[in-house]
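The values are calculated or read from the model by the stated rules, or taken from the named source; none is laboratory data. Note that the structure is a prediction, hence the values are computed from the model and not measured. We place every Cβ from the backbone using ideal geometry, glycine too, and count neighbours over all the protein chains shown.
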Amino acid sequence: MNKTEAAFQRTGYGYSRAQRELYQRVKARTGTIEQLRWEHAADAQDAMERKIAYWAEIIGAACGREPSTIYEWRRAWAVRKSVNPKSRLSISYWVTAANGVSDDNSEEVLHWLDTCERDAKITIESARAQFPRKAKAEAEAAPLRESVLAVCGTLTDLTDRADFPEGAEMFVRLALRAMTKLLERLAERVTA
């Protein structure tokens, strides 16, 4: 059991009613793996639209997935809903397409998904080859990485200030450790 899940199983202190309801709804679900993934993706879209804080973390804790996976499922759900809500393709195809789509190739991606829909012989492996994730992940990660590095610089500069409170250095070190972990995660995402 991870920390987020443990926190939700306790009293729910610090979590809004909407957050607790979202967690319970996802946790109580049963069905096939594919069906559950699409339902979690729909919950993610709904939670995002309702501006429920930490929706990806909450859904991830309830279903045992990383928040990054929940973000991917939500993007896949949004693409599928806008194009072909009755598609027979698994969520993996839609995640691959959502991760590989850009302003430059959206028509190509949609045409390719239509081809997959009509030809059951097309495998997910060929989908991943058609729209590699790495380029998309690098494009998303680069600006975020720069922002995280800027935060690290600001945190480091804080401790050099003359008016910095004595004894508060441990909080800055803790924040720097968290930022370092985030940078590691971003590096993993790019190489995945």
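Structure data summary
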read-out: Qualifying position, being without any contact (Cβ under 8 Å) to a residue 24 or more places away in the chain, of a type in the set (Val, Ile, Thr) and farther than 22 Å from GLN19 by Cα, among VAL83, VAL95; value: VAL95
read-out: Subset of region 115-131 [small (Gly, Ala, Ser), closer than 16 Å to VAL83 by Cβ and free of Cβ contacts under 8 Å to residues at least 24 places away in the same chain]; value: none
read-out: Single residue of region 77-89 satisfying the filter (within 11 Å of ALA42 (Cβ to Cβ) and not charged (D, E, K, R)) that is surrounded by the fewest Cβ atoms within 10 Å (Cβ to Cβ); value: PRO85
read-out: Region 138-150 residues that are in a helix (DSSP H, G or I), paired with ones that are among the basic types (Lys, Arg) and modelled with pLDDT under 65 (beta carbon under 7 Å, 6 or more apart); value: ALA141/ARG189
read-out: Whichever residue in region 30-59 is in contact (Cβ under 8 Å) with a residue 24 or more places away in the chain and not in a helix (DSSP H, G or I) and, among such residues, is surrounded by the most Cβ atoms within 10 Å (Cβ to Cβ); value: ILE52
read-out: Selected residue (criterion: farthest from ALA97 (Cα to Cα)) from residues of region 127-136 that are at pLDDT below 70 and among the charged types (D, E, K, R); value: LYS134
read-out: Residue within region 78-87 that is under 14 Å from the mean Cα position of the chain (by Cα) and either in a loop (DSSP other than H, G, I, E, B) or in the same structural domain as ALA44 (by TED's automatic domain parsing) (or both) present; value: yes
read-out: Residue list for region 60-73, restricted to those being surrounded by fewer than 21 Cβ atoms within 10 Å (Cβ to Cβ) and out of contact with any Asp or Glu (no Cβ under 6 Å at 6 or more places or on another chain); value: CYS63, GLY64, ARG65, GLU66, SER68, THR69, TYR71
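Conditions tested, residue by residue: (1) surrounded by fewer than 16 Cβ atoms within 10 Å (Cβ to Cβ); (2) assigned by TED's automatic domain parsing to the domain that holds ALA76; (3) modelled with pLDDT under 80; (4) closer than 29 Å to VAL79 by Cβ.
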{"site": "VAL101", "(1), (2), (3), (4)": "no, yes, yes, yes"}
{"site": "SER106", "(1), (2), (3), (4)": "yes, yes, no, yes"}
{"site": "LEU113", "(1), (2), (3), (4)": "no, yes, no, yes"}
{"site": "GLU138", "(1), (2), (3), (4)": "yes, no, yes, yes"}
{"site": "ARG145", "(1), (2), (3), (4)": "no, no, yes, yes"}
{"site": "LEU174", "(1), (2), (3), (4)": "yes, no, no, no"}
{"site": "ARG177", "(1), (2), (3), (4)": "yes, no, no, no"}
